[in-house]
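The values are calculated or read from the model by the stated rules, or taken from the named source; none is laboratory data. Source: prediction; values computed, not measured. Reconstructed Cβ throughout: ideal geometry from the backbone, glycine too, with neighbour counts over all protein chains shown. Keep in mind that these areas ignore ligands, DNA and RNA; they rest on the heavy atoms of the full protein, side chains included. Shrake-Rupley method; radii C 1.70, N 1.55, O 1.52, S 1.80 Å.
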Amino acid sequence: MANLVVGLTTFFVLIALLAIIGYQLMCLADLEFDYTDPYYDSASRINKAAVPEFVVQAVFCVVCLWTGQVFLCFMSLPYLRYNIKLYRTKKHLVDVNDLYDL
């Protein structure tokens, strides 16, 4: 029973991470096809999804470590460290001018 709970928890954390990444990709697609205003809408929508993505990634690492999936945890630790570095240096926010460079 415990393995089922652990498996479902890991599954739902991964689905949440994919949903957040998909949301960011949809924001960029809307920007590409001129559905949204790039000066306000796109940058603010992408910035709203950045911190939840970091939180879900951290929860994923903790769940993997808690469930004994050490290899998967160690594979995701560099990305978690990179997210923490971005957040501490305040480089996780998207600038409007950076959107045009894509």
Any residue in segment 63-79 that's touching a residue at least 24 places away in the same chain (Cβ under 8 Å): show its pairings with residues that are of a type in the set (Ser, Thr, Tyr) at Cβ separation under 8 Å, as long as the two are six or more apart or on different chains. 63/9; 63/10; 64/10; 64/76; 67/9; 67/10; 69/10
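Within segment 42-62, track down each residue that is of a type in the set (Val, Ile, Thr) and in contact (Cβ under 8 Å) with a residue 40 or more places away in the chain.
Listed by number, the residues that qualify are 46, 51, 56, 59.
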Out of segment 59-76, which residues are surrounded by 14 or more Cβ atoms within 10 Å (Cβ to Cβ) and in a helix (DSSP H, G or I)? 59, 60, 61, 63, 64, 65, 67, 72, 73, 76
Considering only residues of segment 32-41 that are at pLDDT 70 or above and either open to solvent by less than 50 Å² (accessible area, probe 1.4 Å) or among the charged types (D, E, K, R) (or both), which is farthest from residue 87 (Cα to Cα)? 34
